[in-house]
């Protein structure tokens, strides 16, 4: 049986997903990647995760999209219009 030696590494740091999901540049790249690879479900998941960490009232005011519409369009059965996607991405990721 082969013997494996592991490299000694320094201190591991805890991965904090919420930092990544709040980062506008990271979200912009992730959303663009979903569009390039024809992954609408991934797009909605990423956008939903980002919006869940943001102030819903602020999003509503910035985009002009009601809270109900936001939740509906990002649900599994939701089918957001290009206009709504454009508003959200422009206001939150630009």
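Per-structure values
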quantity: Relative contact order (%) - criterion: Cα under 8 Å, at least six apart; region: the chain; calculated: 27 percent
quantity: Cα Rg over Rh - the chain, Kirkwood; calculated: 1.19
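Quick note: the coordinates plus some simple rules give every number you see, no bench work behind them. It should be emphasised that the depicted structure is a prediction, and the values quoted were computed from it without experimental measurement.
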